[in-house]
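Novice: Just dropping this structure here.
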Amino acid sequence: MSEPAVVREYAELASGYDARWSSYIYASVQETLARLPRKTGDRILDIGCGTGALLAALAAESDDLQLQGIDPVPEMLAVARRRLPEEVILGGGWADNLQLPDACVDTVVSSSVFHYIRDPVRALAEMHRVLVPGGNLVITDWCRDFATTRMTDWYLSMFNTAHFRTYGLAELEALVKDAAFTSVDGQRYKAGWWGLMTVTAAKIS
Ligand SMILES: C[S@@+](CC[C@H](N)C(=O)[O-])C[C@H]1O[C@@H](n2cnc3c(N)ncnc32)[C@H](O)[C@@H]1O
C-alpha cells in the first residue's frame, strides 16, 4: 500500500515546520493549554503531537506530568524528540488505531489534527477507550464556522490530497457527544487569521 499523503506531506514539512508556522503554533497551543485541566501526576496523551510544541510547554511548566505523544510521521517525531526531555514518551501511531491499553491516561489532547482524521468516529472511540473514567478530552482544530476556514478548506480540498475535512463547532460537539463523552463544551475563537475551536469533554466516571 502506498504511504498516505499526510505522511508524505509532513515528512517534507518537518524540518521547517516550527519556523514556518511559529505564530500559529504558539497561538493554538496557548489556547489549548488554557482549556486543558491538569494536576500533579496526570498522564497526558497528545495525539498528532507533531514537533512536540504542546508537550514542550507542558514539560516546561511541570516535571510532575507524565507526558506521551503519538504521531504517524517519523520526521515530525524526530524534531519532537530533540526538543523534549527524555522522560516524555513518543511513538508512531494514528488517532483511529491507538496502540495503547484501555484506561491508561488521564487526559487526551489533540491540536490541529482532527481535520486530517479519516475516521473521526473511530478516533473518538479510541480516545474514549484509552481515557480513565473521569478523564478529560481537549480537541482544538480549525473551525469551519469562520469564512476564512471555509475558504482554506475549499482550497485544500482542491489542491492538497493530505487534507480531509473541517468541522463546525456544533458538528464537532455532536461527534464528541455521540462518542459517549459528557460535559461537552466548545468555544470558537480567532488566532490571527485562523478560525479555531476547542471542545472539552469528560469520560463518564
Ligand atoms: C498541523 S500538525 C499539528 C502538530 C501539533 N499537534 C501542533 O499543534 O503543532 C498535524 C499533525 O497531525 C498528524 N496527523 C495527521 N493525521 C493524523 C492521524 N490520523 N492521527 C494522528 N496524527 C495525525 C501529522 O502527522 C502532523 O504531525
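Novice: So for the chain: antiparallel DSSP bridges make up what percent, rounded to the nearest 5? Intermediate values should be presented prior to the final figure.
Specialist: On the way: 17 of 36 bridges.
So the antiparallel bridges in the chain amount to around 45 percent.
Novice: A further question on this structure: Any chance you could check the Cα centroid distance between segment 10-56 and segment 71-130 for me, in angstrom?
Specialist: Cα centroid of segment 10-56 versus Cα centroid of segment 71-130: 12 Å apart.
Novice: All other residues with a Cβ under 11 Å from the Cβ of Asp153 taken together, and with Lys, Arg as +1 and Asp, Glu as -1, what is their net charge?
Specialist: Values: positive: Arg144, Arg150, Arg165; negative: none.
That works out to +3.
Novice: If you don't mind, another one. Sort 105-112, 169-176 for me by packing, meaning the mean count of neighbouring Cβ atoms within 10 Å per residue, highest on top. Write down the numbers at each step before the final one.
Specialist: Working: 105-112: 23.8, 169-176: 18.2.
Peptide ranking by packing, descending: 105-112, 169-176.
Novice: Can you give me the solvent accessible area of Lys39 with a 1.4 Å probe, rounded to the nearest 10 Å²?
Specialist: 130
Novice: Among Leu124, Leu33, Leu13, determine the one that fluctuates most according to a GNM of the chain built with springs between C-alpha atoms less than 10 Å apart.
Specialist: In this elastic network of the chain, the residue with the biggest mean-square fluctuation among Leu124, Leu33, Leu13 is Leu13.
Novice: All other residues with a Cβ under 12 Å from the Cβ of Gly91 taken together, and with Lys, Arg as +1 and Asp, Glu as -1, what is their net charge? Mind showing how you got there, number by number?
Specialist: Working: positive: Arg81; negative: Asp46, Asp71.
Overall, the nearby charge balance is -1.
Novice: Give me the percent relative contact order of the chain, please, defined on Cα pairs under 8 angstrom at least 6 residues apart.
Specialist: Values: 411 pairs, mean separation 41.4, N = 205.
Relative contact order, the chain: 20 percent.
Novice: Send over the semi-axes of the chain's equivalent ellipsoid, whole angstrom and largest first, taken as the square roots of 5 times the C-alpha gyration tensor eigenvalues. Present the calculation step by step, with values, prior to reporting the outcome.
Specialist: Details: eigenvalues 105, 86, 57 Å².
Whole-Å semi-axes of the equivalent ellipsoid: 23, 21, 17.
Novice: Give the accessible area for Asp145 in Å² (nearest 10); use a 1.4 Å probe, count only protein heavy atoms, and leave out ligands, DNA and RNA.
Specialist: Around 60 Å² of this residue is reachable by solvent.
Novice: Identify all aspartates and glutamates with a Cα-Cα distance to Lys177 below 12 Å; exclude those on the same chain that are fewer than 8 residues away in sequence.
Specialist: Within the straight-line cut-off, Lys177 pairs with Asp185.
Novice: Now for a different question. Name the shape class, rounded, prolate or oblate, that the alpha-carbon gyration tensor gives for segment 57-109, where a ≥ b ≥ c are the square roots of its eigenvalues, rounded holds for a/c under 1.5, and otherwise prolate holds if a/b is larger than b/c and oblate otherwise. The partial results should precede the final answer.
Specialist: Details: a/c = 2.34, a/b = 1.12, b/c = 2.09.
It is oblate, given that a/c is not under 1.5 and a/b is not larger than b/c.
The values are calculated or read from the model by the stated rules, or taken from the named source; none is laboratory data. Keep in mind the model is a prediction, meaning the values are calculated, not measured. In this analysis, Cβ positions are derived from the backbone assuming ideal geometry, glycine residues included, and neighbour counts consider all displayed protein chains. Only protein heavy atoms, including side chains, enter the accessible area calculation; ligands, DNA and RNA are left aside. Shrake-Rupley method; radii C 1.70, N 1.55, O 1.52, S 1.80 Å.
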